[in-house]
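Trainee: The structure that follows is given in the form of structure tokens.
Laboratory data are not the source of any read-out in this text; all were calculated from the coordinates shown. Since this is a predicted model, take the numbers as computed values, not measurements. Cβ placement follows ideal geometry from the backbone for every residue including glycine, while neighbour counts extend to all protein chains displayed.
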Amino acid sequence: MIAGRRLPRRLIAGSAGLLMICGGVILGPHFLGPGPPSDPAHSALVPPGTMMTVLELDDGRTLVSPSVTTAGDLVIVDGPYSREEIPATAVSSSRVVRSWLGTDRYGRDLLRLMLLGGRLSLMIATLGALVSLVVGLGVGLSAATSGRVIDALLMRGVDALLAFPTLLLLILCAAVLDPGPATLVVLLGLTSWMGLARLVRGQVLSVRERQFVMAARVAGTPWYRVWSWHFLPEIRGPVAQDVALRLGDLVLAEATLSYLGLGLPPTTPTWGLLVSEGQRVMLDAWWPATIPGLAIASLVICFALIGDGIQEL
């Protein structure tokens, strides 16, 4: 209950979904423990829920396959690209694990890749939104409180940036710069603050003529205190809604860049890269592309529900 009213259902549903996703990607690896090593020759494109046998050999190799049988003194390991017959005396240990979400075409466990990719996507989107928030608040507040000339210059610059397609600007910058988490955070933040700046400017223009703001100015209150005491508390609702929706946009932007090969390095399993890799084997296996795609859609929907709930609240 807030101010005698119930929380909007959309806010509750979005927050619960986001909490489940964040808790899963952060705490999941600790509960799962180390997974089986990748074995493309024997465990590529294993369907979700399959039980797989992990064999540790005396020569140091590790074989992972859903189809391991014995015939006399031999252990037969079948796979999509290889079949091996190994003497039983060469097997030092064996264990059985379940691949809950299956494996990709490289034999990697998709569940662990999803948890790692989700952590990276959330981190990049959150830091990018923080950069966008800082820049958008600074530009919007400066434009609304610094006079007509500076206001006109800043807003014309914002209009010029808004006229340029954001995705195209991201692709151009990502193609020129070396991919990396820090670079991606800065790119996402510096290409997504313009709408927030216009929102902040409009909200502050409607607040600055109120009597309590004029009284603070007449009393000689420093500008930074006027900003923190009067402007920011009045605009926190619209800004919170914009940031929530912007987080969903940044998740999609990061996934798009990774899908196009312009995001993080190919060795980093982001959700967008997993969709791109899974699309290549879509005719043979549906899960490597579908499951990461559903995860991206779920995360974006959660942020959209939170934004709508904040607006209703």
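Trainee: Taking the 0 to 90 degree range and rounding to the nearest ten, how far is the long axis of helix 232-259 tilted relative to the main principal axis of the chain, both from C-alpha atoms?
Mentor: Value to nearest ten degrees: 30.
Trainee: So which trypsin sites (Lys or Arg not before Pro) in segment 15-97 pass both tests, a DSSP loop state and at most 16 other Cβ atoms within 10 Å of the Cβ? Spell out each step's value before the answer.
Mentor: Details: sites: ARG61, ARG83, ARG95; in loops: ARG61.
The qualifying sites are ARG61.
Trainee: Hey, another quick one. Starting from the amide H of THR50, placed 1.01 Å from N in the peptide plane, find each other amide H under 5 Å away whose residue is 5 or more places distant or on another chain.
Mentor: When sequence neighbours closer than 5 places are left aside, the close amide H contacts are SER99, GLY102.
Trainee: Need one number: the % of Cα-Cα pairs in segment 46-99 sitting beyond the 12 Å mark. Present the calculation step by step, with values, prior to reporting the outcome.
Mentor: Details: 904 of 1431 pairs.
Every Cα pair in segment 46-99 considered, those over 12 Å come to 63 percent.
Trainee: Now for a separate question. Treating the angle as unsigned and between 0 and 90°, give the value, to the nearest 10°, between the Cα long axis of helix 181-190 and the longest Cα principal axis of the chain.
Mentor: 30 degrees
Trainee: Would you mind counting up the charge near TRP100? Only other residues with Cβ under 12 Å from its Cβ, with Lys and Arg at +1 and Asp and Glu at -1. Walk me through the intermediate numbers first.
Mentor: Numbers: positive: ARG98, ARG112; negative: ASP109.
Here the count lands on +1.
Trainee: Amide H of VAL75 versus every other amide H placed in the peptide plane: which residues, excluding those fewer than 5 positions away on the same chain, fall under 5 Å?
Mentor: ILE86, ALA88
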